[in-house]
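The values are calculated or read from the model by the stated rules, or taken from the named source; none is laboratory data. Small disclaimer: the values here were computed from a predicted structure and weren't measured. Cβ coordinates were reconstructed from backbone atoms using ideal geometry, including for glycine residues, and neighbour counts include every protein chain displayed. Calculation scope for accessible area: heavy atoms of the full protein, side chains included, ligands and nucleic acids excluded. Shrake-Rupley method; radii C 1.70, N 1.55, O 1.52, S 1.80 Å.
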Amino acid sequence: MNPNDHRAQHREAPEPEEGTRATPKIVLAWIAILIIWGVGYYAWQVGKPILGGDSRTPVAEASAPQTSASEDSSGSETSGTAGGSDTGGSEAKPDGASIYSAQCSTCHQANGQGVPGAFPPLAGSEWLQADADIPVAIVHDGLQGQIEVAGNTFEGVMPGLGAQLSDAELAAVLSYARSQWGNDASEISPETVSEHKERFGERGSWSAEELTEVFGEP
Ligand code: HEC
């Protein structure tokens, strides 16, 4: 209706429109190069050993201390010193600390303090530091029922670990625990564990009461 309308429309710039410009060739070429390089590198690496970490293998780690131990003992043979006595012959002694962290620390904790109300402490425990027969019986056969440890009462179930651990490992882990966290009890020998097995066989769990009856007060 208004003639001015028309003139105003003519003055307007045309609506902007998105142009269709092809992706530059150089970009396409670059993408192609990256894809070829990626696939090629993958194909080239397939089947090669992975070189992550420090490239140690479990075998290399396990054999390392043994070779040094045999060097030690052969050295002490020739020199005649007592330096080789700590290697204890040809068989390497199991490492109580690592057995502890694998087999016991989930319940009794790495610091031996246990978990109040659930798992009794090993630090300061009269049972652990009693005559060797008692801790050997507990770990070999298991323990359940009420028990008082370092002034607190617990009632739980500890599975026997006799099937998982060799005599030497069981002795080593107990010797370790008896010397940690302020504990100060004698080492336990693998022979004590063997004797225990001969005497009791596979008898199943003990209770604190039974332990006291058989072995006396801890
Ligand atoms: C699955 C959890 C669990 C694991 C694993 C475990 N224990 Fe126990 N342990 C217990 C419980 C629970 C008791 C208390 C049982 C009860 O109430 O009669 C206990 C009791 C003991 C006791 C007697 C009480 C005390 O605190 O001194 C000793 C000693 C002991 N454990 C040593 C060990 C050792 C050594 C290992 C590893 C070789 C180990 N335990 C692994 C749960 C565990």
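Tabulated data for the structure shown
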{"quantity": "Failed criterion for Arg199 (all others in (1) over 22 Å from Gly114 (Cα atoms); (2) of a type in the set (D, E, K, R); (3) at pLDDT 95 or above hold)", "calculated": "(3)"}
{"quantity": "Search result, residues across segment 106-120 that are open to solvent by 20 Å² or more (accessible area, probe 1.4 Å) and within 8 Å of the ligand (Cβ to nearest atom)", "calculated": "Thr106, Cys107, His108, Ala118, Phe119, Pro120"}
{"quantity": "Residue match in segment 171-190 (condition: without any contact (Cβ under 8 Å) to a residue 40 or more places away in the chain and within 8 Å of the ligand (Cβ to nearest atom))", "calculated": "no"}
{"quantity": "Criterion violated by Pro135 - all others in (1) more than 10 Å from the ligand (Cβ to nearest atom); (2) assigned to a helix (DSSP H, G or I) satisfied", "calculated": "(1)"}
{"quantity": "Qualifying positions in segment 149-170 - over 19 Å from Lys93 (Cα atoms) and either among the basic types (Lys, Arg) or within 9 Å of the ligand (Cβ to nearest atom) (or both)", "calculated": "Val149, Ala150, Thr153, Phe154, Glu155, Gly156, Val157, Met158, Pro159"}
{"quantity": "Residue check for Gly89: under 29 Å from the mean Cα position of the chain (by Cα), on the phi > 0 side of the Ramachandran plot and at pLDDT 85 or above", "calculated": "no"}
{"quantity": "Test for Ala150: is it among the aliphatic types (A, V, I, L, M), closer than 23 Å to Ala110 by Cβ and at pLDDT below 95", "calculated": "yes"}
{"quantity": "Residue within segment 144-157 that is open to solvent by less than 20 Å² (accessible area, probe 1.4 Å), in contact with a strand residue (DSSP E or B) (Cβ under 7 Å, 6 or more places away or on another chain) and in a strand (DSSP E or B) present", "calculated": "yes"}
